[in-house]
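A.B. asks: This structure is in structure tokens; I'll ask about it shortly.
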Amino acid sequence: MADLGEHEVLRRLHQFCDSVVGDDGAIQSLPAGERLVVTTDVLVDGVHFCDRTLPPNALGWRAAAVNLSDLAAMGATPMGLTIGLTLPADTPWPWLGELYQGITDCLQHHGGAIIGGDLCRGEHRSLAITALGSVQPHQALYRNRAQPGQTLVTTGAHGASRAGLALLLGELAPELDPHNGPDDQSWIQAHQRPVPRFDAISILRQLSPEGTATIAAMDTSDGLADAIVQICTQSQVGATLFSSQLPLPSGLGNRVGSATAQNWSLYGGEDFELVLSLPSDMARDFIKRLPGSRVVGQTTLEPGIRLVDDVPQAPDVWLSHTQGYRHFA
């Protein structure tokens, strides 16, 4: 990077950006009647990523998907994003080029464009992305709208990203049986290239064209348990979950044991699925329309979140988000 100089680096990056990039700021128009949704996420080398687990192309995809997932959790449509980068001077251009290619690939699949950003020199690599989206006010999703007696639904499996990380770090031995090997690749894919669930948002809009006043939603970047706790806390409801309904990835229990599989499903984090609290009839229709989605529990008037085992007389487990991913552990 030092050999190229700032202006040459920016010239090369322009190929990945929207044509409007080049001024001191980006001017964006909102669709008629819609509101702006803004979300920011910061990734720091050695904390959120490393070359061993995320090559630059995968890091770029993941960095974009993290922010797009937050837009999906708000019911928003992506418009664009800005990128703030801090890089050591000896960073090779191919690393940066692959990073931007990964971001671009994700946006081409799910919407939005790179509309600006900033680049500066620093001792450690960090990546800060701000994503912009838009939503009709009556279709916006919030965490505080769950009501007692609703059905808790998740859009997909949880624990796959944690399993993929374990494989990449050598914590989990690769599967040698060729019949089971595809699980490994799907878990690594879940960790490196998560998919923001705009498909789920599209279905919700079809099921609730009048609005989302009785729907609560959150993405599960910090873990399934954390998302359910957050929704229940902000909505002032409780929840009952059944261990048999936890959305475990196929084959995970056989590989790591049921206790670890359950822990990774609840607290592993970084699966970037959605948790929704829906009226029961809407939940039934939603499950029918979205492959891989499933019911995980029910909201209750009684506070607290219980994980109920199916074994007779087994003690209930009370969940909290403190066991999962913490930003300042």
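Since every read-out is calculated from the coordinates, none of them should be taken as a lab result. Predicted model only: the values in this text are computed from it and were never measured.
A.B. asks: Please identify, among Met218, Met79, Met282, the residue showing maximal mean-square fluctuation in a Gaussian network model of the chain using a 10 angstrom Cα cutoff.
C.D. replies: Met282
A.B. asks: Step through the residues of the stretch 186-202 one at a time and calculate ³J(HN,Hα) from phi using the Karplus curve (6.51 cos²θ - 1.76 cosθ + 1.60, θ = phi - 60°), rounding each to whole Hz and writing x for Gly and Pro.
C.D. replies: Taking θ as phi minus 60°, the curve returns 5, 5, 5, 4, 4, 6, 8, 9, x, 10, x, 8, 5, 5, 5, 5, 4 Hz for the stretch 186-202.
A.B. asks: Now for a separate question. Computed over the Cα atoms, what is the radius of gyration of the chain divided by 2.2 N^0.38 Å, N being its residue count? If you can, show how the numbers build up before the last one.
C.D. replies: Working: Rg = 20.6 Å, N = 329, 2.2 N^0.38 = 19.9 Å.
Against the compact-globule rule of thumb, the ratio is 1.04.
A.B. asks: Just report the Cα centroid separation between the stretch 38-73 and the stretch 185-256, whole Å.
C.D. replies: Centre-to-centre distance over Cα atoms comes out at 19 Å.
A.B. asks: Which log10 I(q)/I(0) values, to two decimals, does the stretch 40-149 give at q = 0.17, 0.21 Å⁻¹ under the Debye formula with one point per Cα?
C.D. replies: Here the Debye-derived log intensity ratios amount to -0.79, -1.09.
A.B. asks: Further question: Quick one: grab the alpha carbon gyration tensor of the stretch 151-323, order the square roots of its eigenvalues as a ≥ b ≥ c, and give me rounded if a/c is under 1.5, else prolate or oblate depending on whether a/b is larger than b/c. It would help to have the intermediate numbers written out before the result.
C.D. replies: Working: a/c = 1.99, a/b = 1.36, b/c = 1.46.
Note, shape of the stretch 151-323 comes out oblate.
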